[in-house]
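Let me begin by presenting the structure, written as C-alpha cells, before commenting on it.
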Amino acid sequence: MKFLVVDDSLTMRRIIINALQRIGYNDVVEASDGKEALERFDGSIGFVITDWNMPAMSGVEFARAVRANSVGASVPILMVTTRGAREDIVAAVEAGVNNYILKPFTPSVLKEKIDRLLASMGAAA
Amino acid sequence: MRPAEELLYDSEASFRLVDHAIQELSASGAELDREATGFLAHVMAQPGGFAELSRTLLRAYAETAGIVGRFRETAGMLDSSGIDKLHQMHGHLREVSSATELATHGILDGLTRAVSLVEQLDAGETMSKEDRHRMIGSLREELGGVVNQLQFQDITAQQLRHIESQLVDMNRRINQVVKIFAPPAVTFAPPEPVPGVPAIQPAPAYEMNLHPDPEAGQAVADEIFAIKAARKTA
C-alpha cells in the first residue's frame, strides 16, 4: 500500500515515515503542504496521513479537496496534528477525515489507527 | 423675558471676565496661546463680534472633535486585544520552553537507557541468545522513543510561527499610531526579509494539545471524534 505523508515539517515527515517503515509500510510519497499533496494525489495512493497547519493549503482543505475528487472518495485520511480543541476535531470530521491523532504521538498509536482504519475500510468494501 | 440689550450686556460682561481670566492664566506662566487671547479681544471689539466668536467656537469644536476622534482611533489600535495578544504570546513562549525542556529530558533519559543497554550487551559475552534478543529489542525501542521525542521541534516551530505573526501585526498597529502622531519620517519598518526564509504569513491562533498525559489527551480526542463521526454517518 502506498502512503501519502503531508506535513510542512521535515522533522515530522521523517518521524512519521520512520514509524511507517517500522510497521512495515515502505512505499511512501511525501508532500510539504496540501497543494503539493493534491498534485501528488492519484489513484495509486491508498492511505493519507496529513498535518493540519500548513502553508498554501491546510490539511482540512486538502481533505475536503480529496473527498471532492472521485478518486479520493474512499481513501482513508488520518489527521496528525497539534490542534486539540473540540471544534477542530469536529471540523476535521466534517472535512472527511477518518481518524485523528494528537501530536506528540507514539508509533503504537499510529499503528493502531492505521490498522483500525484499514480494517474498517476493508469491511466496508 | 429679558430685553435683548440686557442679555447682550451680560454676555459681553461674561466674555470680558473670561478674557480677564485667560490673561491672568497667561501671565501666571500657563502655556496659553497669546494670539488666541488677542484674537478674542479683537473679536469682542468688533461690531459683529458675537457672530465671529460663534464661528470660531464652532471651528474649535470641530478641531477638538477631530482630535478626540484620533485619540479614539489610537485607542482602537492599541485596544485590549493587543494587550491580550501580548499575554498570549507570553503564554505560548512558556509552553514552548516547557515542551522543549520536557522533550530534552525525554531524549536524555532515552539515550542514558540506550547507552546502559549497549554497555550490558558489550559486557554480556555469556548472555543467552534470548536475553540478547530481548535487550536488542529494548535498545531499538529506546532509540525509537528518542526519535519520537523530536516531535517537539514541530510543536515549537508552530508556536513560534504564531508568535512571529502576532509581532508583525503589532508592528503594523504601532506604525498606524506613529503615522497619526509622529512626523512622517518616523516609522517602524517591518522586519527585513531573511534570504532563504519564507515571508511571515498570518498564523491563526488555535488551541494546542498540551495535555500533560499524551495518552489521556488522545483518549479525549478519540471520544470527541467517535461521537461526531457517528452523528455524521447517522
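The values are calculated or read from the model by the stated rules, or taken from the named source; none is laboratory data. Since the structure is predicted, the reported quantities are computational estimates derived from the model, not experimental observations. Here the Cβ positions follow ideal geometry from the backbone for every residue, glycine too, while neighbour counts run over all protein chains shown. Accessible surface is based on the protein model in full, side chains and every heavy atom, while ligands, DNA and RNA are left aside. Shrake-Rupley method; radii C 1.70, N 1.55, O 1.52, S 1.80 Å.
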Just name the residue that is farthest from B:THR156 (Cα to Cα) out of those in segment B:100-126 that are free of Cβ contacts under 8 Å to residues at least 40 places away in the same chain and open to solvent by less than 50 Å² (accessible area, probe 1.4 Å). B:GLY124
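For every residue, the table says whether it meets (1) more than 30 Å from A:GLY84 (Cα to Cα); (2) in contact (Cβ under 8 Å) with a residue 60 or more places away in the chain.
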{"site": "B:ARG134", "(1), (2)": "yes, no"}
{"site": "B:GLY137", "(1), (2)": "yes, no"}
{"site": "B:ASN148", "(1), (2)": "no, no"}
{"site": "B:ILE155", "(1), (2)": "no, no"}
{"site": "B:GLN159", "(1), (2)": "no, yes"}
{"site": "B:HIS162", "(1), (2)": "no, yes"}
{"site": "B:SER165", "(1), (2)": "no, no"}
{"site": "B:MET170", "(1), (2)": "no, yes"}
{"site": "B:ILE180", "(1), (2)": "yes, yes"}
Scanning segment B:129-159 residue by residue, the ones that are open to solvent by less than 80 Å² (accessible area, probe 1.4 Å) and in a helix (DSSP H, G or I) total 21
With farther than 20 Å from B:ALA221 by Cβ, within 14 Å of another protein chain (Cβ to nearest Cβ), out of contact with any Gly (no Cβ under 8 Å at 6 or more places or on another chain) and among the acidic types (Asp, Glu) as the only criterion, which of A:ASP42, A:ASP33, A:ASP88 stands out? A:ASP33
Would you mention how many residues in segment A:21-32 are surrounded by 14 or more Cβ atoms within 10 Å (Cβ to Cβ) and either among the hydroxyl-bearing types (Ser, Thr, Tyr) or at pLDDT 95 or above (or both)? 6
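Step by step: first the residues of segment B:81-97, then only those that are of a type outside the set (A, V, I, L, M, F, W, C) and in contact (Cβ under 8 Å) with a residue 60 or more places away in the chain, then the one that is least open to solvent (accessible area, probe 1.4 Å). Which residue is that? I'd like the intermediate steps shown before the answer.
Of the residues in segment B:81-97, the ones of a type outside the set (A, V, I, L, M, F, W, C) are B:81-82, B:84-85, B:87-88, B:90-92, B:94-95, B:97.
Add one more test, that the residue is in contact (Cβ under 8 Å) with a residue 60 or more places away in the chain, and what stays is B:82, B:85, B:88, B:92, B:95.
Values: B:GLY82: 5, B:LYS85: 44, B:GLN88: 90, B:HIS92: 25, B:GLU95: 63 Å².
Selected residue: B:GLY82.
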Being more than 12 Å from chain B (Cβ to nearest Cβ) and of a type in the set (Gly, Ala, Ser) is the filter here; which residues of segment A:95-123 pass it? A:ALA119, A:GLY122, A:ALA123
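Modelled with pLDDT under 80, open to solvent by less than 50 Å² (accessible area, probe 1.4 Å) and in a helix (DSSP H, G or I): is that true of B:ASN175 in this structure? Even if it seems obvious, please write down each step before you answer.
Values: modelled with pLDDT under 80: yes; open to solvent by less than 50 Å² (accessible area, probe 1.4 Å): yes; in a helix (DSSP H, G or I): yes.
Yes: the conditions hold for B:ASN175.
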Keeping to segment A:41-65, report how many residues are open to solvent by 60 Å² or more (accessible area, probe 1.4 Å) and at pLDDT 95 or above. 2
Residues satisfying the stated conditions in segment B:201-230, i.e. modelled with pLDDT under 85 and open to solvent by 100 Å² or more (accessible area, probe 1.4 Å): B:GLN201, B:PRO202, B:GLU207, B:PRO212, B:GLU215
Is it true that some residue in segment A:68-83 is under 14 Å from the mean Cα position of the chain (by Cα), away from every other protein chain (no Cβ under 11 Å) and assigned to a helix (DSSP H, G or I)? yes
For segment A:102-123, state whether one or more residues are open to solvent by 60 Å² or more (accessible area, probe 1.4 Å), hydrophobic (A, V, I, L, M, F, W, C) and modelled with pLDDT under 90. yes
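Just for segment A:7-20: of the residues that are over 19 Å from A:ASP115 (Cα atoms) and open to solvent by less than 20 Å² (accessible area, probe 1.4 Å), which one is nearest to the chain's Cα centre (by Cα)? Break it down stepwise before answering.
Here is the first cut: in segment A:7-20, the ones over 19 Å from A:ASP115 (Cα atoms) are A:7-14.
From what is left, the residues that are open to solvent by less than 20 Å² (accessible area, probe 1.4 Å) are A:7, A:9, A:12.
Working: A:ASP7: 9, A:SER9: 14, A:MET12: 12 Å.
Here the answer is A:ASP7.
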For segment A:100-125, the count of residues that are under 13 Å from A:GLY59 (Cα atoms) and among the polar types (S, T, N, Q) equals 0
